[in-house]
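Asks: This is the structure I want to talk about, given as structure tokens.
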Amino acid sequence: MASTVPDTGLSLVTGTLRQTDYWWTVFKRTWKGGVINSFVSPLFYVVAMGVLLGGFIAGDPAKLEGATSYLAFIVPGLVATHAMTIAVGETTYPVMGAVKWHKTYYSMIATPLEPRHLVAAHMMFVLFRLATACGVFMLVLAPFGVFESWWGPFLAFGSQLLVGMAFAGLVYGYSTRIRSESAFGVLFRLGVLPLTLFSGAFFPISNLGPVLEWVARLTPLWHGVNLSRMFCLDTVDWPLAALNAVVLVAAVVVGWFWSVSGLEQRLAD
Amino acid sequence: MPLYRVGAVTESMILARGLRKSFGDFEAVKGIDVDVRRGEAFGFLGPNGAGKSSTMRMIASVSPISGGSLQILGMDPATDGPAIRGRLGVCPQEDTLDNELNVRDNLYIYGRYFGIPKGEVNSRVDELLEFVSLTEKAKAKVEDLSGGMKRRLTIARSLVNRPDLLLLDEPTTGLDPQARHVLWDQLFRLKQAGVTLVITTHYMDEAEQLCDRLVVMDKGLIAAEGSPRQLIEEHSTREVTELRFGITDETNPHELIAEKVEDLGRLEVLPDRILVYSPDGEEVIAKVHERGLDPIGVLVRRSTLEDVFLKLTGRTLVD
């Protein structure tokens with residue numbers, strides 16, 4: 001079980017740090033592709049949806065959760081959604097590859113490393129990817145006047161990392177439990193796509209009607225989108241922000257144990 | 001600096017009693033006793049599905065045991081797994097090399113998992129590349145290597161932590177004869193240097209070449225144990241006569257002819273020939289001719305482990 005720590009085992013930090021060289025080479029190998037996915041694609045979204053489509057939408061703060069333009073409304077949600085997409089991308093095929101195709105995880109656990117170390121190092125890499133992608137994205141957007149305070153974007157950035165990590169843990173655990181990559185199709189179509197469209201990134205969830213609005217409020221992505229937006233627009237409702245943060249932190253914690261137990265079971269077969 | 005240094009103390013490296021492994025209702029290993037001592041080359045022989053790989057994974061301390069007891073290097077894998085694995089080298093049946101990395105990085109990064117300092121890993125990697133004759137390929141991508149090179153790289157990787165105990169699961173399966181001989185030579189050198197080797201194989205010549213002592217596993221149990229010579233003496237005769245007859249119709253002629261020679265010794269009737277186990281092969285041939293039988297091919301040879309294997313595990317093909 002995830003909670004058992006053998007007497008002779010490495011600490012979580014030591015075991016994780018021993019994989020630094022590995023992840024550094026992964027980064028050197030993949031960063032060029034990462035640039036396209038992390039910055040270019042979301043920029044297309046901002047231009048197409050925020051600027052061009054947004055040109056047809058009246059910037060009414062009463063209807064846009066306090067945003068004075070559609071661009072300002074959509075940007076915080078887009079970045080939070082983007083964080084989810086990156087996290088899902090990094091914890092689906094790469095995890096299945098290491099378990100099923102290249103079997104590199106099997107060679108890694110033949111050393112003093114344990115599944116929890118592998119999960120932790122992978123999560124650190126996801127966090128690094130999230131930090132660079134969301135950080136640069138937020139910097140690029142700053143000149144567009146979409147942030148209402150100087151400190152809000154920093155907290156929004158933190159909430160984007162949080163929502164990304166929540167999905168990283170949940171999806172990693174899912175990836176360790178499935179046998180075929182076709183299960184990713186289900187995840188993408190029935191999980192990622194509806195979340196992207198209906199968690200309040202593109203329109204206020206009040207437009208969904210009372211029932212679906214509450215369904216949207218139950219999704220982890222909405223908590224991230226809402227938190228990110230409140231901080232960017234300086235419309236923070238602190239009790240709600242605390243609730244959003246607690247939900248996301250809880251998802252991160254659950255995701256961690258779900259991932260570690262999943263990988264332990266899978267690699268012990 | 002020598003590639004290897006191992007203490008000369010005689011101690012138990014692997015001690016298993018009544019060891020079991022189950023997967024749901026299926027019992028892969030049904031209670032085996034194994035005792036491997038320092039400096040030995042020990043083999044697990046058996047057909048596919050005999051339980052060799054399951055046993056190896058338990059010894060490698062990555063698969064929990066289902067029953068019995070197991071001690072590796074004097075420690076319990078259930079509680080001391082990481083400490084045990086730090087002193088093991090594992091060469092798995094399937095290559096688990098990182099195809100995206102080059103040859104050198106595969107070794108370097110693996111060494112770092114053991115916590116070996118960077119400078120030290122670098123010098124060990126150079127030594128190991130030399131040892132497995134891959135120095136020239138240091139910068140090559142793994143996917144560009146031949147099967148034999150990949151195996152050698154996997155063996156080099158399993159040595160990066162200078163293990164006390166090296167586990168090799170079917171090390172030469174799928175290799176051409178030249179590559180196998182190169183690998184045997186390298187394993188023999190390690191054995192000479194005092195490394196304890198545990199090998200699974202279904203190649204009898206490999207077991208005879210490399211193993212001081214071995215067990216024959218079949219259906220999750222140990223069918224026999226001893227040195228290759230002991231096993232041959234106990235379970236076979238000094239000589240074996242192989243008789244091959246021409247095929248006249250659809251039926252296997254060897255089945256019919258076997259009835260006429262069954263008093264000459266123990267028989268194994270294979271699809272293409274009859275093996276007669278009798279101490280004197282020339283005598284067998286003379287008697288065969290006396291009975292008016294006319295084989296198209298005869299061969300008298302010494303018994304090998306293959307004969308022991310056929311006797312103990314039967315001739316049924318296991319897929």
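Only the coordinates and a few stated rules stand behind these numbers; no lab work does. Keep in mind that this is a model prediction, so the values were computed, not measured. Backbone-built Cβ (ideal geometry, glycine too); neighbour counts: all protein chains shown.
Asks: Could you identify which residue out of A:Arg116, A:Arg177, A:Arg18 has the top mean-square fluctuation in a GNM of chain A using Cα springs shorter than 10 Å?
Replies: A:Arg18
Asks: Looking at the square roots a ≥ b ≥ c of the eigenvalues of the Cα gyration tensor of the stretch A:1-87, which shape do they give, rounded for a/c under 1.5, prolate if a/b is larger than b/c, or oblate?
Replies: On the way: a/c = 5.64, a/b = 2.19, b/c = 2.57.
Judged from the Cα gyration tensor, the stretch A:1-87 comes out oblate (a/c at least 1.5, b/c at or above a/b).
Asks: Hey, another quick one. To the nearest 20 Debye, how big is the dipole of the stretch A:100-254 about its Cα centre, given +1 on the beta carbon of each Lys and Arg and -1 on that of each Asp and Glu? Don't jump to the answer; show the numbers that get you there.
Replies: Details: 9 positive and 6 negative charges, 136 e Å.
Here the stretch A:100-254 has a charge dipole of around 660 debye.
Asks: Among A:Gly135, A:Gly209, A:Gly34, which one shows the biggest mean-square fluctuation in a GNM of chain A, springs joining Cα atoms closer than 10 Å?
Replies: Of the options given, A:Gly209 has the highest mean-square fluctuation.
Asks: Here is a further query. Checking the cross-link filter: which lysines have an alpha carbon closer than 19 Å to that of B:Lys52, excluding same-chain neighbours under 8 positions apart?
Replies: B:Lys21, B:Lys30, B:Lys219, B:Lys311
Asks: Can you tell which of B:Gly226, B:Met204, B:Pro117 lies farthest toward the positive end of the dipole of the stretch B:12-226, using +1 and -1 charges on the Cβ of basic and acidic side chains (Lys, Arg; Asp, Glu)?
Replies: With unit charges placed on the Cβ atoms, the residue in question is B:Pro117.
Asks: Roughly how many debye, to the nearest 20, is the charge dipole of the stretch A:1-89 about its Cα centre, given +1 on each Lys and Arg Cβ, -1 on each Asp and Glu Cβ, and no other charges? Let's see the in-between values first.
Replies: Details: 5 positive and 4 negative charges, 67 e Å.
Magnitude of the dipole: close to 320 debye.
Asks: Another question, then. Specify the inter-centroid distance of the stretch A:141-215 and the stretch B:151-210, based on alpha-carbon positions, in whole Å.
Replies: When both Cα centres are located, 50 Å separates them.
Asks: Can I ask one more? Calculated FRET efficiency, B:Asp280 and B:Ala78, Cβ-Cβ r, R0 35 Å, to nearest 0.05? Please report the intermediate quantities before stating the final value.
Replies: Numbers: r = 54 Å, r/R0 = 1.53.
Once the sixth-power term is evaluated, E becomes 0.05.
Asks: Please give the contour-minus-distance gain from A:Ala142 to A:Glu213: 0.36 nm per residue of separation, less the Cα-Cα distance, rounded to one decimal in nm. Before the final figure, lay out the partial values.
Replies: Working: separation 71, 0.36 × 71 = 25.56 nm, distance 2.99 nm.
Net length gain for the segment: 22.6 nm.
Asks: Among B:Ala193, B:Val142, B:Gln93, whose Cα projects farthest towards the positive end of the dipole of the protein assembly as shown, with charges put on the beta-carbon of Lys, Arg (+1) and Asp, Glu (-1)?
Replies: Projecting each Cα onto the dipole axis, the largest value belongs to B:Val142.
Asks: Here is a further query. Taking +1 at the Cβ of each Lys and Arg and -1 at the Cβ of each Asp and Glu, which of A:Phe188, A:Gly97, A:Gly262 sits farthest along the dipole of the protein assembly as shown towards its positive end, judged by Cα position relative to the Cα centre?
Replies: The listed residue farthest towards the positive side: A:Phe188.
Asks: Cα gyration tensor of the stretch B:177-225, axes a ≥ b ≥ c as square roots of the eigenvalues: rounded (a/c below 1.5), prolate (a/b > b/c) or oblate? Walk me through the intermediate numbers first.
Replies: Details: a/c = 2.95, a/b = 1.60, b/c = 1.84.
Taking the square roots of the gyration eigenvalues as a ≥ b ≥ c, the stretch B:177-225 is oblate.
Asks: For a quick check, take a GNM of chain B with Cα springs below 10 Å and name the residue from B:Glu233, B:Glu290, B:Glu306 with the largest mean-square fluctuation.
Replies: So, out of B:Glu233, B:Glu290, B:Glu306, the one fluctuating most is B:Glu290.
Asks: Let me ask something additional. Show me the ranking of peptides A:122-133, B:72-83 by mean Cβ neighbours inside 10 Å, starting with the highest. Write down the numbers at each step before the final one.
Replies: On the way: A:122-133: 20.0, B:72-83: 18.5.
Ranking the peptides A:122-133, B:72-83 by packing returns A:122-133, B:72-83.
Asks: Now for a separate question. Taking the Cβ of B:Glu234 as the centre, find all other residues whose Cβ is under 14 Å away and add up their charges (Lys, Arg: +1; Asp, Glu: -1). Provide the component values of the computation, followed by the final result.
Replies: Values: positive: B:Arg213, B:Arg229, B:Arg238, B:Arg266, B:Lys311; negative: B:Glu225, B:Glu233, B:Asp307.
Its environment carries a net charge of +2.
Asks: Excluding B:Asp144 itself, calculate the net charge of residues whose Cβ lies under 13 Å from the Cβ of B:Asp144, where each Lys or Arg counts +1 and each Asp or Glu counts -1. List each step's numbers first, then the result.
Replies: Details: positive: B:Lys137, B:Lys139, B:Lys141, B:Lys150; negative: B:Glu100, B:Glu136, B:Glu143.
With Lys, Arg at +1 and Asp, Glu at -1, the neighbours total +1.
Asks: So for the pair A:Ala183, B:Trp184, with labels modelled 7 Å out along Cα→Cβ, what separation do we get in nm?
Replies: 4.4 nm
Asks: While we're on this one: Return the whole-Å distance between the Cα centroid of the stretch B:267-301 and the Cα centroid of the stretch A:33-59.
Replies: Centre-to-centre (Cα) distance: 83 Å.
Asks: Provide the percentage of antiparallel DSSP beta bridges, counting only those with both residues in the protein assembly as shown; round to the nearest 5.
Replies: Working: 35 of 53 bridges.
Antiparallel bridges make up about 65 percent of those DSSP assigns within the protein assembly as shown.
Asks: May I pose another question? How far apart, in nm, are two points set 7 Å out from the Cα along the Cα-to-Cβ line at B:Asp205 and at A:Met124?
Replies: Placing both labels 7 Å beyond Cα along the Cβ direction yields 4.8 nm.
Asks: Next question. Mind listing the phi-derived Karplus ³J(HN,Hα) values for the stretch A:90-98, rounded to whole Hz, using 6.51, -1.76 and 1.60 with θ = phi - 60°, and x for any glycine or proline?
Replies: Working through the residues one at a time gives 7, 10, 9, 4, x, 6, 4, x, 5 Hz.
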